[in-house]
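Q: Take this structure first; my questions come after.
Derivation of every value follows stated rules applied to the coordinates shown; laboratory data play no part. Please read these numbers as outputs of a predicted model, since none were measured by experiment. In this analysis, Cβ positions are derived from the backbone assuming ideal geometry, glycine residues included, and neighbour counts consider all displayed protein chains.
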């Protein structure tokens, strides 16, 4: 039997034009366009040529590949033009999971975004006067109400003005550049934090064209350290929330009241980077010692920066709330235009703020998850585990802890009930890989040789898909 050369194998391959004229691809071309299908056909043929060149295909192998070439092209098209950003099931128990998009939006926020995105809006138009308007008016009034009403209905708090930029890092950058460009900013060494994505306070300070003036030590800083560092170049005091970590043991940090008193006495603004920035009482979910935006403003802090997609439960955004004269200076900074947000963010933020104003925290998914009790989650876990069948699968309910995440309340944990998964013949890491390969992907925790599923962060309507994903791991 003659040996088939590589040239003979290459000649068996159809051309791209032949494939595109194939009736089997007509529907694919109609739905996805000729350019996408042409690119997919070239890629599949290129792979076959590479296999032939590497001597990994003989005549039988080429014939087998050609029998499935239409399917291979269609799979390539689907992979190429499908969305990269897609929904996942968060079974980690980390409520504000940065890698998974932080706070999910409420149904009301989604509907308001859809309504505003589908047409034109009054984003920067005053419908009463017919003149150009300002985009931040849509939320500034809501912020004023929330920050004046407070947690107890107290209306004695002076009105705070608020502007919105694209995230909290941008808010800090804008504030530093506006209030301290060319001057010094005094900050404790124990607050020179780095959080996810390489957001480092010293680097942001440098980009703002302000000079960092460190005071105190890593674990102990006193108000006297701030006072001794003041000179004719001092423009700002900066207080930074220690996101994602705690310093314990032999520590000292000045009370916010001490910094406020010093700032007022020396007429130097005090900026506090709260990071997560709660607008509701965290004590209602068992979290103590975390200041809210209102706490800081009531204490006399001049400007507070915080995030929209953390404890607020809204879209990604960065807010600056505080003294009207300082906020107006930031609004007039040309950097503000580069950092401003679009109509979709304003729509989602407006809906979220209205829910806060109505005290309708249950409508905000992240806050609803925080309020869920261990007993509620245990009932759901029992119901889910009862539907998981398979001789290879082992599911047991164990006590555990959820976390808020996102740099919010780093020391706080929420008691929960976990589902611990095992599967005969598979390691915990292999189970986790199979869960992530599901559609939709399921992201869980791996601890002590077990895969742990926390239903606190799984929406009830996602439970059937979660059960199906677990069943698929066991081959059932």
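Q: Mean separation of Cα pairs under 8 Å and 6+ residues apart, divided by the residue count of the range 370-473: what relative contact order is that in percent?
A: Numbers: 149 pairs, mean separation 29.0, N = 104.
Contact order relative to length: 28 percent.
Q: Rounded, prolate or oblate: which one fits the range 105-363, using the alpha carbon gyration tensor with axes a ≥ b ≥ c (rounded when a/c is under 1.5, else prolate when a/b beats b/c, else oblate)?
A: prolate
Q: Another question, if that's okay. Read through the labelled values (1) 1.02; (2) 1.24; (3) 0.91 and report the label of the one computed as Cα Rg over 2.2 N^0.38 Å from the structure.
A: Matching the structure shown: (2).
Q: Could you line up 120, 10 from fewest to most neighbouring Cβ atoms inside 10 Å?
A: Listed from fewest to most nearby Cβ atoms, that is 120, 10.
Q: Note the angle between two axes, namely the Cα long axis of helix 34-53 and the longest principal axis of the Cα atoms of the chain, as a number of degrees from 0 to 90, rounded to the nearest 10.
A: The helix 34-53 is inclined about 60 degrees to the chain.
Q: Hey, what number do you get for the chain at 222 nm if only DSSP H runs of n ≥ 4 count, each worth -39500 (n - 2.57), divided across all residues, to the nearest 500?
A: Value at 222 nm, helices only, nearest 500: -12000 deg cm²/dmol.
Q: Which whole-number percent is the relative contact order of the range 415-476 (Cα, under 8 Å, 6+ apart)?
A: Relative contact order here is 39 percent.
Q: For the range 394-466, just say rounded, prolate or oblate: build the C-alpha gyration tensor, square-root its eigenvalues into a ≥ b ≥ c, call rounded for a/c under 1.5, and beyond that prolate if a/b exceeds b/c, oblate if not. Please report the intermediate quantities before stating the final value.
A: Values: a/c = 1.75, a/b = 1.43, b/c = 1.23.
Taking the square roots of the gyration eigenvalues as a ≥ b ≥ c, the range 394-466 is prolate.
Q: Follow-up. Roughly how many Å is it from the Cα centre of the range 290-365 to that of the range 56-84, as a whole number?
A: Going from one Cα centre to the other spans 50 Å.
Q: Separate question: Tell me, 47, 15 in order of fewest to most beta-carbon neighbours within 10 Å?
A: If I rank by nearby Cβ atoms, fewest first, I get 15, 47.
Q: Now for a different question. Can you sort 8, 225, 302, 448 from fewest to most other Cβ atoms within 10 Å of each residue's own Cβ?
A: 448, 8, 225, 302
Q: Enter the angle in degrees (range 0 to 90, nearest 10) between the Cα long axis of helix 69-81 and the first principal axis of the Cα atoms of the chain, meaning the one along which they spread out most.
A: Around 10 degrees separate the two axes.
Q: Express the relative contact order of the chain as a whole percentage, based on alpha carbon pairs under 8 Å and six or more residues apart in sequence.
A: The value is 19 percent.
Q: Kindly express, to the nearest 10 degrees and within the range 0 to 90, the angle between helix 374-385's C-alpha long axis and the longest C-alpha principal axis of the chain.
A: Around 0 degrees separate the two axes.
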